[in-house]
Amino acid sequence: MLSLLPDPWHFPRKEFANQILASLNGGLVNSLALFAPRRMGKTQFVLRDLLPAHFKNGGDALYFNLWENKASPENVMIEALRAHIEGLKGASAKKSGKVSTSIDLVIVKFQAEYGHDLAAKGPVEAVAAAIRIWAEVLRSKKQIGLLVIDEVQHLATSDKFTNFTAALRTALEGSADCIKAVFTGSSQAGLTRMFYDTKAAFYGPGSQISLPRFGDDFIEFITQKADETYKRPFAVADVAHVFELHNQSPYFLRQSLNFAVLKGVALKTGARQVGMELYIELGLQEKWVALSNIEQTIVQCIYSKDQLYTESTRERISAITGERVTARKIQLAVEKLEKGEWIDKALDGRYEIADPVVTAYIVEVANANAALKHKKAL
Ligand SMILES: Nc1ncnc2c1ncn2[C@@H]1O[C@H](COP(=O)(O)OP(=O)(O)OP(=O)(O)O)[C@@H](O)[C@H]1O
Ligand SMILES: [Mg+2]
């Protein structure tokens, strides 16, 4: 079981959590992929909404974030699986006063097979075996296990992970009756690769869903919470403005509010300062300047949701960059921007800015350019 510190600012999304669980429990599919760009609330949703809803239904669950140990995700998983299976044994002993024989047997089997010989067997085989053993425990307890793998696209970033990915997939296929999986990712291209690159996919067509964006109810919730907590009323319109500024990322809104309260400044000033601190930390200015004129313009076009390959966009890019821009040139620039994690393809096939901090930066650049033009004109 997960134990998280309470977050009084958490805006619950129970309905969406139940929708996902209903889909998995319905049995038509055993796995789903949940997509959202960076800092949009994926991890918080799975930890604070999805898993608690599943526990409420009497289920068991395991959560992994593959970015916790990028070099060897299999090691993270084997340790967590081992601890979890041991924990199930402890919980069962406490509940009944004695250790349940069936669980005890699978644990003993697990330890005999892998406990003492982990290094020799290798973590890849051990993970697959541990999943099978977890499945046996679940069957004996008539429980459904939910396996959440956060940032799953990491497995598609290196050939080093091919064996592990295949072993994981096979183990999950063999345990589909009692283990359901939710994969999350912040790279749509990466998630799609997970889908196509493998002979038997991690999830099927139609099983990729976007984490819904927060709506007006979220803005109202946060505004009210800020009033209650700080006794300092913020205008709903200002909160909404700042939320939009950072591409509707809850993270930036919270950071901006905190900054405004801490330094006693207006919320908009807080939002700008938070943005600045991040631009510096991420070296965004240097990275932006290193982009070609065409690349910068394409990022701006994507920000303003312009179609990339139309005649008029091409002409506009040509006019701004001062060189004749062909569709091929646009395509090459798009590929480079995708690799550089500036942009990413959304589920509807359109490109979007990959990180909300980049969105805010582009607004900043546009404002600075407009101010410069204005100054020159005077
Ligand atoms: N439901 C929510 N209610 C209030 N705040 C939230 C909510 N979800 C996310 N946040 C805020 O946004 C921050 C980022 O959320 P989270 O880490 O879940 O995003 P993520 O999409 O997993 O980001 P990353 O791509 O960096 O892994 C949280 O630390 C929290 O401050
Ligand atoms: Mg996350």
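The values are calculated or read from the model by the stated rules, or taken from the named source; none is laboratory data. All figures in this text were calculated on a predicted structure; none of them were measured in a lab. Here the Cβ positions follow ideal geometry from the backbone for every residue, glycine too, while neighbour counts run over all protein chains shown. Side chains included, ligands, DNA and RNA excluded: accessible areas come from the protein's heavy atoms. Shrake-Rupley method; radii C 1.70, N 1.55, O 1.52, S 1.80 Å.
Values for this structure:
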read-out	value
Residues of segment 18-53 satisfying the condition of being open to solvent by less than 20 Å² (accessible area, probe 1.4 Å), part of a helix (DSSP H, G or I), within 16 Å of ligand 2 (Cβ to nearest atom) and of a type outside the set (Asp, Glu)	LYS42, PHE45, VAL46, LEU50, LEU51
Residue in segment 212-223 that is at pLDDT 90 or above, within 30 Å of VAL261 (Cβ to Cβ), open to solvent by 40 Å² or more (accessible area, probe 1.4 Å) and of a type in the set (S, T, N, Q) present	no
Residues (surrounded by 21 or more Cβ atoms within 10 Å (Cβ to Cβ) and in contact (Cβ under 8 Å) with a residue 24 or more places away in the chain) located in segment 252-266	PHE252, LEU253, LEU257, ALA260
Any hit, segment 294-309, residues being open to solvent by less than 80 Å² (accessible area, probe 1.4 Å), modelled with pLDDT of 90 or more and in contact with a Gly (Cβ under 9 Å, 6 or more places away or on another chain)	yes
Residue identified as away from ligand 1 (no atom under 16 Å from the Cβ), open to solvent by 60 Å² or more (accessible area, probe 1.4 Å), at pLDDT below 85 and not polar (S, T, N, Q) among ALA93, ALA112, ALA126	ALA112
Conditions (1) open to solvent by less than 50 Å² (accessible area, probe 1.4 Å); (2) assigned to a helix (DSSP H, G or I): number failed by GLU286	(1)
Residue that is farthest from ligand 1 (Cβ to nearest atom), among those in segment 4-17 that are surrounded by fewer than 17 Cβ atoms within 10 Å (Cβ to Cβ) and among the charged types (D, E, K, R)	GLU15
